[in-house]
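The structure under discussion appears below in the form of structure tokens.
The values are calculated or read from the model by the stated rules, or taken from the named source; none is laboratory data. As the structure is a computational prediction, the values presented were derived from the model and not from experiment. Please note: Cβ atoms are built from the backbone with ideal geometry, for glycine as well, and neighbour counts cover all protein chains shown.
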Amino acid sequence: MLCVLYRFLSVALSETLFVMLRCTGRHVIIKMTTIVVSQTLVRLCGYISPAEELSHKDDLALLFSAVTSWCAPHNTYWRSAASEVLITISRHGLSHNVVQHIRGTCFELYEHNASF
């Protein structure tokens, strides 16, 4: 049951991170939200099952997109949060399925974003 909760939270928080990356506005509120969301997502991604769920729902690609695409200066908090989550996944959450997803979808996305 806890594993299902971890999976759900990891997907919801990564989508929140991506949406907030696209938002502009109140920088203090956004920075505090970034801290809470990123710390929670980093703790969740210390396990394999949330990372697998992120790859299954293709939200891992959202994190790669947040890190590799252009962002406005006020969104650097979200970019660093997404990179922290990806670093945590690379240390603790890699499984065969996650690696396959990164090799397939995420590298293509990286190459596309790097070409601009």
Among residues of region 41-81 being acidic (Asp, Glu) and at pLDDT 85 or above, the residue surrounded by the fewest Cβ atoms within 10 Å (Cβ to Cβ) is Asp59
Over region 78-99, the set of residues over 18 Å from Leu44 (Cβ atoms) and in contact (Cβ under 8 Å) with a residue 24 or more places away in the chain is Arg79
